[in-house]
1. Answer yes or no as to whether A:Tyr183 is within 14 Å of chain B (Cβ to nearest Cβ), at pLDDT 95 or above, in contact with a Pro (Cβ under 8 Å, 6 or more places away or on another chain) and more than 22 Å from A:Ala77 (Cβ to Cβ).
2. Would you be able to tell me the number of residues in the stretch B:20-62 that are assigned to a strand (DSSP E or B) and in contact with a Phe, Trp or Tyr (Cβ under 9 Å, 6 or more places away or on another chain)?
3. Does the stretch A:60-76 contain at least one residue that is at pLDDT 95 or above and touching a His at 6+ places or on another chain (Cβ under 6 Å)?
4. What number of residues in the stretch B:121-131 are facing chain A (nearest Cβ under 10 Å) and more than 22 Å from B:Leu160 (Cα to Cα)?
5. Given the residues A:Ala219, A:Ala170, A:Ala175, which is the only one that is buried (at least 24 other Cβ atoms within 10 Å of the Cβ) and within 14 Å of chain B (Cβ to nearest Cβ)?
6. Quick check on this structure: which one of A:Thr204, A:Thr113, A:Thr159, A:Thr117 is at the interface with chain B (Cβ under 9 Å from one of its Cβ atoms), hydroxyl-bearing (Ser, Thr, Tyr) and in contact (Cβ under 8 Å) with a residue 12 or more places away in the chain?
7. Does B:Ala165 count as within 12 Å of another protein chain (Cβ to nearest Cβ), in contact with a helix residue (DSSP H, G or I) (Cβ under 8 Å, 6 or more places away or on another chain), over 27 Å from A:Ala175 (Cβ atoms) and part of a helix (DSSP H, G or I)?
8. Test B:Ala179 against the stated conditions and say whether it is among the small types (Gly, Ala, Ser), touching a residue at least 60 places away in the same chain (Cβ under 8 Å) and under 19 Å from B:Arg88 (Cβ atoms).
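The values are calculated or read from the model by the stated rules, or taken from the named source; none is laboratory data. Being a predicted model, the structure only gives us computed values, none of them experimental. No Cβ is skipped: glycine too gets one built from the backbone with ideal geometry, and neighbour counts run over all protein chains shown.
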Amino acid sequence: MKALLGLARFMAPFAAAAAAGTVLSSAGAVNMYWVQIFQLACITAVSALGLNVIYGFTGLFSLGHAAFYGIGAYGAALLMKTCGGESQAFFLASLLAGGAGAALVAWLVGLSTLRLTSDYLGIATLGFGIIMKVVFDNADAFLPQLGGARGMTGIPKMTGVAWAVLFLGASLLAARNLVHSSYGRALVAIREDEVAAGAAGIDTFRYKLAGFVVGCFFAGVAGGLYAHLYAFLHPSNFDFFKSVDVLMIVVLGGLGNMSGTLVASFGWIFLLEGLRVALPPDYIELRWVLIPVLLVVTMLRRPQGLFGIREFRFLRDASE
Amino acid sequence: MNILEASGLAKNFGGIKALNGVDLQVGVGELVGMIGPNGSGKTTVFNVITGIYRPDRGTVTLGGKRISGLPQHSISRLGIARTFQNIRLFRNLSAMDNVRAACHPNVRYGPISAVCRSEGFHAGEREIREKAMDLLSLFSLQDRRDDLARNLPYGDQRRLEIARALASEPDLLLLDEPAAGMNATEVGKLMEFILEIRTRYKLAVLLIEHQMRLVMGICERIVVMDFGEVIARGTPREIRNDPRVIEAYLGKDSKDGK
């Protein structure tokens, strides 16, 4: 009962935002372009939260996050395209299935690579990301519906403001509750000192694997939402540079800080698109001068991330 | 009866024989000291016992059960806890969370329960919190519970590390130079403290230490190591007068006065 109340209290503002967003956008009160960007920001935040669990909390340096995002995207899209129709319930199931697919692959990848530490793990996951890009490029060879290098079309446009906002809320809730529990402390202990964590009785390999799988599940679900937002998937959306984008968001927001990830996701997406509007058309590529400068300055001024160790009130430990 | 028995432990690092046939016994509830010059292999013995290294030869048994070759966390759960020579706290966690993290192996709720914040979660967290608070109070760290470990003064960090070790409910506690960097008063307090926790938690303690006052003062038995071998063992009185020990520490007496 208490658990349900807590859930309701946490999700209420998100539900309200979802309702308001749906009404506003269907009434045409806001520009559809910006509505879409807003949804993309929510989706990016879900994926980045996943990477924060992996890198920020468990300390596993992963450079292959976009690959898991892609697995979720293609997985969910394939399910919807082939047998989903327009069913909202089936859409939800497809998203979760996409997440589960990404989690399963993460488990297999983790089994073989998580014996590696720090930079070495980064290289291994980078390699996996490149392999997956090649798989996506040639996916039409084994499943013509996936489109391969020509891109995947015919995906129903199912993602709306409501889905994006509700999934963001649910992800924040799940991440917060997990992090502020004995399991979360075990993950952070591994990040802080793996030898000491092992000496304290924590099965470090098992928990590193678990942290990796959970984080990739988030990425997979986010990928599914992304696929049904633009109704088009292309392998270039899941290459190495997309992994770096998410990594940048997590580091910019602050490792192991959920509020930072949330703000940095929205900041990153809106800055990227905002500059597209703000800059004169001939100077749009200046974005790639301004943004890196901003990144350098932010890191110099706030090396611990935007938020350091402070969290928004709703993301703090609610159990005390 | 012995709780810990190590026999014929050998460990090589490349060409260096860090351990060369070490035998070691610790009785139930016994307080054993391990001394020896730097590089004699004391910490390597700890690392082999706790599973950080796998011995090249030899076996370790805990309460009659063979533990050598098991992973670190399994050995910890079977009842061996340790501290480290160069303090290894979870530096960016609070004092409270350092202890709570070590309570994790006995957690009573599952991850799903944690995400859903079920009744079981709250009950389990309450239990962990109480246990951690008890340990912190025992070490007079209760007022520091929300401070990050890396911000604690050196002495508090040393004590917090012992508190964390006790959180995993060991039968045998390994202390690697617990008095390093402490002044005479602090060493005195630490000695009383080790005796107190041993009685309270019915622990056997094996400790490495260079401060002879501590080793001679509280250890019931002492093992002396040099060049990866045990060169002497006995009561503090026997060790103090053992010519091999004096030689290992001070060098051989030169008969012809050179």
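1. Details: within 14 Å of chain B (Cβ to nearest Cβ): yes; at pLDDT 95 or above: yes; in contact with a Pro (Cβ under 8 Å, 6 or more places away or on another chain): yes; more than 22 Å from A:Ala77 (Cβ to Cβ): yes.
Spelling it out, A:Tyr183 is indeed within 14 Å of chain B (Cβ to nearest Cβ), at pLDDT 95 or above, in contact with a Pro (Cβ under 8 Å, 6 or more places away or on another chain) and more than 22 Å from A:Ala77 (Cβ to Cβ).
2. Taking the stretch B:20-62 as the starting set, the residues that turn out to be assigned to a strand (DSSP E or B) are B:20-27, B:31-35, B:57-62.
Filter once more, keeping what is in contact with a Phe, Trp or Tyr (Cβ under 9 Å, 6 or more places away or on another chain): B:20, B:34-35.
Here the count works out to 3.
3. no
4. Qualifying residue count for the region: 3.
5. So the residue among A:Ala219, A:Ala170, A:Ala175 that is buried (at least 24 other Cβ atoms within 10 Å of the Cβ) and within 14 Å of chain B (Cβ to nearest Cβ) is A:Ala175.
6. Working: A:Thr113 fails: at the interface with chain B (Cβ under 9 Å from one of its Cβ atoms); A:Thr159 fails: at the interface with chain B (Cβ under 9 Å from one of its Cβ atoms); A:Thr117 fails: at the interface with chain B (Cβ under 9 Å from one of its Cβ atoms).
Unique residue meeting the criteria: A:Thr204.
7. Taking the combined requirement at face value, the residue satisfies it.
8. no
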